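Before any comments, here is the structure.
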Amino acid sequence: MLQVRNVRKVYDGRTVVNDVNFEVAAGEIFALLGPNGAGKTTLIRMITDIVRPDGGTIAFGGKSVAGPQRPRMAYLPEERGLYKKVPVMDALAYFGELKGLSHADARREAIELLEEFGLAAWTKKQVAALSKGMQQKLQLCSALIGRPELLILDEPFTGLDPINVQLLEDVLRRRRGEGTTVLLSTHQMNKVEEQCDRALMINRGHMVLYGAVGEIRRQHAANEFLLTADGTPRNVAGVKTLVAENGHWRMALEKAAHPASVLRGLLDQGLAVRAFVPVVPPLEDIFVQVVQTGVGLDQGRSGPPTLDELHAAGVR
Amino acid sequence: MSRPTNKVLIIARREYLTTVRRKAFVFTLLLTPAIFFFGGIVSTRLQINQALAKLNETRIVAVVDSSGLYAGAPLTFGYTPPVEPIFDPRQANKPVAAPKTVPVFMRRYTDQKTALDSLEAGNVKTVLVVSSDFLSSGRLRVYEKDTRAFTSSTDYRPLTNWLSRNLLSGLTDSLRMERTLWMGRSLDYYTKDRDGRWAIKDDAKEMAGFLLPFAIAFMLAMAIISGGQYLLQGVSEEKESRILESMLCSVTPTELLAGKMLGLGGAGLTLVGTWILAGLYSSASVLSFIHVSVPASLLAYGLLYFLCGYIFYASIMMSVGALTSNLREATQFSGYLTILNVCPFWAMVVFINTPNSPLAVAMSLFPPTAATSMMLRLSASAVSGAVIPPWQIATSLALLAGSGVVTLMLGSKLFRLGMLLYGKTPNLPEIMRILRQP
C-alpha cells in the first residue's frame, strides 16, 4: 500500500503541494488528476524520491520511499525518452538490470515484454529505427520490466492507436490482478472512468476530490433522470423540469423528491416505462467545474472539500 | 534485488561499453596517434629531405667584393659539412657515411645591380655582398630568391668558411685555420647529473627533458578532459532525451553518478592509457639510448592525479551538463574548464627550467591547475634531477582531492535537481536555491 501523509512542498515561498493525504491499496489502479501546474508532477517526484518533501511522509509497504530499502517502483513520466543509438533489447534489458534483475533474467523478461507488446521482431534494431508509437510501447515496457510493485504512469495512452490503447489497458488489468499498485496520471477522463478504482484530484497543490470514481460521480450527480418510455409523460409530483432529448426525456427532480415516488407516478399514468436511469455526470464535467470554481483552495484547510462545500460552490 | 554497488557497476559497464564501442571513440583512439605519428614522420622527412637537397646542391654564388679583401681568393672549392651527432639508437651502431662534398662556384661581379640581375635571371642562386668597410664593421649581405617563412635552416657555412679561410689566408697554418673554422664543434659542456656528478650535457637528453614532461602532462590533461567530455556529453544527451527521470526510480542519483563517472573515466583512461603505452613502447629504445627512464613513481603519481583531477573536473562537467538545456550550450561552458586545465602549458618553460619556482608551486597547489602543473614538474624533475619537495606533492594532492569531494557533493545535488529543469538554464540565484534544497 502507498501511504502519503500530510505531504507538503514549497518552492521559493510558494506552496506547490499542500498537506496532501491519500492511500493506494495493493492491486488498485488509482488516478491522480489535476489541471496543468496543479502539483501532480511534484507529488509524483516526491513519491519516487527524486524530490524530497518539506513536510509529511511517504511510505510504500510500510517503508519510507526515501529509505535505504526502496520499493520496486517504476515511473513513466509524461516527457520521456530512451537511449536512441542502442538495440531495443539492450535498452530494455538495461532498465531491467537497474531494477535488480540479473543480466539473464533481464533479457528473458525483456523478450517476454517485447512479445507482449508486439515488438519481438525489432529486438536487434536500434531504438531510433522504431516509429513513435513503437517507441512509446518500448517506454511502457521499460516501466513494466522488473515487475514493479508500484507503477506510476503519466499520460501512458498518449501517442498510442486504439489497438495499442486496448493492449495497454489489458496489460494494466493483468498487472493489477497480480497485485501491482498502479498510479495513473492522465487528462483522459474516460480512461479514468474505465480503468481506475479511485481517484485523487489536486488543484494548486490542494486536494479537491478524493474517493472511488463511481462514488465521486454519483455524489456530483444532480437529482436528474433519463426516462425512456412509450408515450408522453404528464405532470408528475416532484418533477421540476421535463425536457425531450434524443428520444428520451430528461427529468430534473425537486430536491426533496424521491426517485421511486416519481417512477410510481409515471407508471400510474399508464406510461410504458422502458428505462428510468439516473444521470451521472462524466468525470470530465466534474473536473472542469471543480477547477473553474476553485473549490477547496482556501489556505490552511486540510483534506478535500466536503460535499456540502462543493454543492455550495455550485458543483453539482 | 541487487546491491547499490552492483547498480554502480551495471551503470559503469554500460557507460564504458557504449562509449568505447562508438565509432568516434575508435577513430580518436587510432587516428589521433596515427596523425601525430605519420604527420611527424612525413613532416620531419620532408624537412630533412629539403635540407639535404639544399645542402647537396651545387652552389653558384655571385660575389660583389667592395672591400677588395677577396681579390685573390679561389673561386671554386668543395665544401664538406662536419659529421652530425646521432640521436637515433637504431642508427648508433651503423657505420657513418662520410659527408658529401658539394662543389661551390663563386662568380665575381663588379656591382650589386648586375649581380642581382643575374640572380633574377637565374644565373646564380645567391648574391654575397662584402661591404667596403667589412673589416671594421663585419657587415655582409646575402640575397637569395627564397620564399620560405623561416630562414634559420639555411646553411651559410660554405660562404662563411670561404670568407674566413680567405680572410686568414697566409696569416696562419692550416691546422689553426681548421680549429678556427670549426671552433665549438669539439666543446664538451659539463653539467651535474641527477646523482650530482659532472657529466657531459646531452642534447638528446635535453630534448627529452622538454618532450617527456610535455607528453606526460599533456596525456594527463587529455585523460581528464576526455573523461569529463564524455560525462558532459552523456548527461546532456540524457537530459535532452528525458530518460533520467525514469531511471531515478530504480537508482539513486549517487549510484547513477558514481556509475557514470567510473565508466566514462575508464573510457577516458583507456583512450589515453593506450596512447601512453603505445608511446612508451615505441620510444623505449630512444629513451634507453639517451639514458632517460620513466620512473614507476611518476606513473603512480599520474594515476593519482588523474583520479583526483578527474573527480574534480568531472563533477563540474556533470553539473554543467545537468544545468544547461542542451549539449551545444554545455560544450560552450565546458570550454572554459578545459582552458583552466591546460593553462599550465602556457608557462611550460618555467615549469621545466625552474620546477620549484613560485609560479610552478602556486599553480600545482591551486586545485583547477594542480594536476597538469604537478605532472609537468614531476616529469621535468625525472629528467633534470630537480627535487620536488614531498610536502608540496602531498598538499597538492590533498587540496585537489578535498576540492574533488566538495565539487562531487555539490555536483550530485545540482545533477539530481538540475536534470529536472527542462528547456531552461538556471541563473546563479536559481542555482544557489537548488543547492539549498534538501
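Miscellaneous remarks
- Figure legend. Inter-residue proximity from the range A:240-257: first residues touching a residue at least 12 places away in the same chain (Cβ under 8 Å), second residues basic (Lys, Arg), beta-carbon distance below 7 Å, spacing 6+ or different chains. Indicated pairs: A:252/A:240; A:253/A:240; A:254/A:240.
Conditions tested, residue by residue: (1) in a helix (DSSP H, G or I); (2) of a type in the set (A, V, I, L, M); (3) over 37 Å from the mean Cα position of the chain (by Cα).
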position	(1), (2), (3)
B:222	yes, yes, no
B:239	yes, no, no
B:250	no, no, yes
B:266	yes, no, no
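- Some residue of the range B:381-402 being within 22 Å of residue B:232 (Cβ to Cβ), part of a helix (DSSP H, G or I) and not aromatic (Phe, Trp, Tyr): yes
- Output for the range A:162-181, where each listed residue is among the basic types (Lys, Arg) and surrounded by fewer than 16 Cβ atoms within 10 Å (Cβ to Cβ): A:173, A:174
- Extreme residue, farthest from residue B:338 (Cα to Cα), among residues of the range B:364-380 that are over 18 Å from the mean Cα position of the chain (by Cα) and crowded, with 24+ Cβ neighbours inside 10 Å: B:364
- Filter result for residue B:246 (outside any loop (DSSP other than H, G, I, E, B), within 14 Å of another protein chain (Cβ to nearest Cβ), closer than 18 Å to residue A:49 by Cβ and modelled with pLDDT of 80 or more): yes
- For the range A:43-75, a tally of residues being assigned to a helix (DSSP H, G or I) and either more than 10 Å from every other protein chain (Cβ to nearest Cβ) or farther than 15 Å from residue A:206 by Cα (or both) returns 4.
- Any hit, the range A:153-161, residues being over 22 Å from the mean Cα position of the chain (by Cα) and either more than 14 Å from chain B (Cβ to nearest Cβ) or under 18 Å from residue A:97 (Cβ atoms) (or both): no
- Residue that is nearest to residue B:243 (Cα to Cα) [pool: residues in the range A:98-114 that are surrounded by 21 or more Cβ atoms within 10 Å (Cβ to Cβ) and at the interface with another protein chain (Cβ under 9 Å from one of its Cβ atoms)]: A:98
- Yes/no for residue A:90 being at positive phi and over 23 Å from the mean Cα position of the chain (by Cα): no
- Residue A:155 being out of contact with any Pro (no Cβ under 8 Å at 6 or more places or on another chain) and surrounded by fewer than 18 Cβ atoms within 10 Å (Cβ to Cβ): yes
- Test: residue A:95 is away from chain B (no Cβ under 14 Å), surrounded by 17 or more Cβ atoms within 10 Å (Cβ to Cβ) and out of contact with any strand residue (DSSP E or B) (no Cβ under 8 Å at 6 or more places or on another chain): no
Matching residues to (1) without any contact (Cβ under 8 Å) to a residue 24 or more places away in the chain; (2) away from chain A (no Cβ under 14 Å); (3) not in a helix (DSSP H, G or I):
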residue: B:362; (1), (2), (3): yes, yes, no
residue: B:371; (1), (2), (3): no, yes, no
residue: B:376; (1), (2), (3): no, yes, no
residue: B:421; (1), (2), (3): no, no, yes
residue: B:430; (1), (2), (3): yes, no, no
residue: B:433; (1), (2), (3): yes, no, no
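- Selection status of residue A:83, within 8 Å of another protein chain (Cβ to nearest Cβ), modelled with pLDDT of 90 or more and buried (at least 16 other Cβ atoms within 10 Å of the Cβ): no
- The range B:409-438, residues that are aliphatic (A, V, I, L, M), modelled with pLDDT of 80 or more and buried (at least 20 other Cβ atoms within 10 Å of the Cβ): B:414
- Residue in the range B:74-88 that is at pLDDT 80 or above, assigned to a loop (DSSP other than H, G, I, E, B) and not aromatic (Phe, Trp, Tyr) present: yes
- Criterion: modelled with pLDDT of 90 or more, under 12 Å from the mean Cα position of the chain (by Cα) and buried (at least 18 other Cβ atoms within 10 Å of the Cβ) - qualifying residue of A:150, A:184, A:227: A:184
- So residue A:35, is it at pLDDT 90 or above, more than 13 Å from residue B:249 (Cβ to Cβ), within 10 Å of chain B (Cβ to nearest Cβ) and part of a loop (DSSP other than H, G, I, E, B): no
- Selected residue [more than 20 Å from residue A:43 (Cα to Cα), among the charged types (D, E, K, R), surrounded by 16 or more Cβ atoms within 10 Å (Cβ to Cβ) and over 18 Å from the mean Cα position of the chain (by Cα)] from A:137, A:132: A:137
- Unmet criterion (only one of (1) of a type outside the set (A, V, I, L, M, F, W, C); (2) away from chain B (no Cβ under 12 Å); (3) crowded, with 22+ Cβ neighbours inside 10 Å) for residue A:142: (2)
- Of the numbered criteria (1) at pLDDT 80 or above; (2) surrounded by 14 or more Cβ atoms within 10 Å (Cβ to Cβ), the one residue B:300 fails is (2).
- Yes/no for residue A:126 being at pLDDT below 90 and under 20 Å from residue A:89 (Cα atoms): no
The values are calculated or read from the model by the stated rules, or taken from the named source; none is laboratory data. Worth saying up front: this structure is predicted, and the values here are computed from it rather than measured. No Cβ is skipped: glycine too gets one built from the backbone with ideal geometry, and neighbour counts run over all protein chains shown.
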